[in-house]
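What follows is a single structure, written as structure tokens, with notes after it.
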Amino acid sequence: MKKKKIIIAVAVVVVAALVLPRFIGPKEKPAAVSMPVVSIEKPEIGDIEIYTGLTGTVEPSDIVYVIPKAAGEVTEVSVKAGDYVQEGQLLLHIDTKQVEGAKIAMDQAAVNLQDANMNLERMTVLYQSGDISQLQFEQAQSSAKLAKLQYDSAKLQYDNQIEFSSITAPISGLVESFNVEVHQNVSQSDVLCVISGEGTKAISFDVTERVLAGLHMGDPITVEKNGTEYHGSITEISSMVDEETGLFRVKASLEAADGLATGAQAKLYVVSESASQVMLIPTDAVYYEGGKSLVYTLIDGKVEERPVEVGIYDSEKSEIKDGLSVDDDVIVTWSSELFAGSEVKVYEPEADDAEETAAGESAAEETAVNETAAE
């Protein structure tokens, strides 16, 4: 019986020796947590411009729509679309049905003027000899003056009818379109042809009121078409809203843009907003929470949240109106461990490069030792 108790006691001791170390053994030391590495930059003072992309229509810098001043039948056509014409060159002739009538009225007024002048000559001789009264002489003078006025009016009417019937080019340039044929009847509301002047091209486009507020005469624009860029400047800014589009019309002249076809649609970019000599930081450094903007700064190795007022911005830079100074260290890299009071390490390219070089040299030495031992 005593021997059995001894065997049981020995068994208990062995089990305890195997099991207890699992519960009372030394605790594992927690692994050291490395601090997040961030990059910092100080705010800089500079200029920022915000570009807005729009679509415009290419047109000549000078363009004229030829409209008849009198209705009638087209009796002669002298040009066609695609022709180059000189100022004053005949485009077409219209039979207004009034030229002959104006000619007759002018001839009749000429005869009346001649009779009135001859009568005035006779009355002058008689008045000088005392055979007629001063009243009669003055009446003859008035009749001659009236006849002259009537003749001038008739001649003007005739000249106008001649001008109305012979349509000439008001400017030199290219006939972009020609919409009439011989024997066609035209009215005073018909556009007979369109002539674009020789010289630079222009582009017109529509903008909203917000974009309009940032545009000024002479501002530069960039136009892109078929992989080619064209440059120009704003020449016209309308202050009246277009009733159909609800937008404002803007026009700009283009330089060396002969490769752009009249009427073509092209992409263009304008500076809609700009700020000069303002505080700028990378846009990626700005965070938004609850509708408010903030940035993270670094002070004595710890992160601090700074609420800021952001002005205009693009994909690279943001204007900071309030909340920072040029001496602040702004964290410009993102980390999930960024929060107020957290500790971070500043990325130093030179130190990292040195560590990588040292690690490389150590590995090379170890390899050389192993190779020697193997030999």
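Which members of the range 315-338 meet the condition of being surrounded by 12 or more Cβ atoms within 10 Å (Cβ to Cβ), more than 23 Å from SER34 (Cβ to Cβ) and in contact with a strand residue (DSSP E or B) (Cβ under 6 Å, 6 or more places away or on another chain)? Across the range 315-338, the qualifying residues are LYS317, SER318, GLU319, ILE320, LYS321, GLY323, ASP328. Taken over the range 158-203, the criterion of being small (Gly, Ala, Ser) and either in contact with a Gly (Cβ under 6 Å, 6 or more places away or on another chain) or without any contact (Cβ under 8 Å) to a residue 12 or more places away in the chain (or both) is satisfied by GLY173, SER196, GLY197. Which residue is nearest to ILE331 (Cα to Cα), if the candidates are limited to the range 250-270 and must be in contact with a Leu (Cβ under 9 Å, 6 or more places away or on another chain), surrounded by fewer than 18 Cβ atoms within 10 Å (Cβ to Cβ) and of a type outside the set (Lys, Arg)? So the residue we want is TYR269. From the list VAL303, VAL286, the one residue that fits, being surrounded by 15 or more Cβ atoms within 10 Å (Cβ to Cβ), touching a Gly at 6+ places or on another chain (Cβ under 8 Å) and free of Cβ contacts under 8 Å to residues at least 60 places away in the same chain, is VAL303. Cβ-Cβ distances below 6 Å connect the following pairs, each with a first residue in the range 106-119 that is more than 17 Å from PHE137 (Cα to Cα), a second residue that is assigned to a helix (DSSP H, G or I) and hydroxyl-bearing (Ser, Thr, Tyr), and a separation of six or more residues or different chains: MET106/TYR158; ALA109/TYR151; ALA110/TYR151. Could you please let me know if ALA213 is within 30 Å of GLU244 (Cα to Cα), assigned by TED's automatic domain parsing to the domain that holds LEU247, surrounded by 13 or more Cβ atoms within 10 Å (Cβ to Cβ) and of a type outside the set (S, T, N, Q)? When the stated conditions are applied, ALA213 does not pass them. For the range 252-298, a residue qualifies if it is aromatic (Phe, Trp, Tyr) and closer than 30 Å to THR235 by Cβ, and exactly one does: TYR269. Checking the structure you have, find out if any residue of the range 37-47 is within 30 Å of VAL207 (Cα to Cα), assigned to a strand (DSSP E or B) and not assigned by TED's automatic domain parsing to the domain that holds VAL175. There is at least one residue in the range 37-47 that is within 30 Å of VAL207 (Cα to Cα), assigned to a strand (DSSP E or B) and not assigned by TED's automatic domain parsing to the domain that holds VAL175. Within the range 159-173, one or more residues are among the polar types (S, T, N, Q), out of contact with any helix residue (DSSP H, G or I) (no Cβ under 7 Å at 6 or more places or on another chain) and either in a helix (DSSP H, G or I) or buried (at least 19 other Cβ atoms within 10 Å of the Cβ) (or both). Residue check: HIS93 meets all listed conditions (1) under 30 Å from GLY197 (Cα atoms); (2) assigned to a helix (DSSP H, G or I) but one, namely (2). Test LEU149 against the criterion of being surrounded by fewer than 13 Cβ atoms within 10 Å (Cβ to Cβ) and under 60 Å from the mean Cα position of the chain (by Cα), and give yes or no. When the stated conditions are applied, LEU149 passes them. The number of residues in the range 45-74 that are farther than 25 Å from ASP219 by Cβ and surrounded by fewer than 13 Cβ atoms within 10 Å (Cβ to Cβ) comes to 1.
The values are calculated or read from the model by the stated rules, or taken from the named source; none is laboratory data. None of these values were measured; they are calculated from a predicted model. Neighbour counts run over all protein chains shown; Cβ positions are idealised from the backbone, glycine included.
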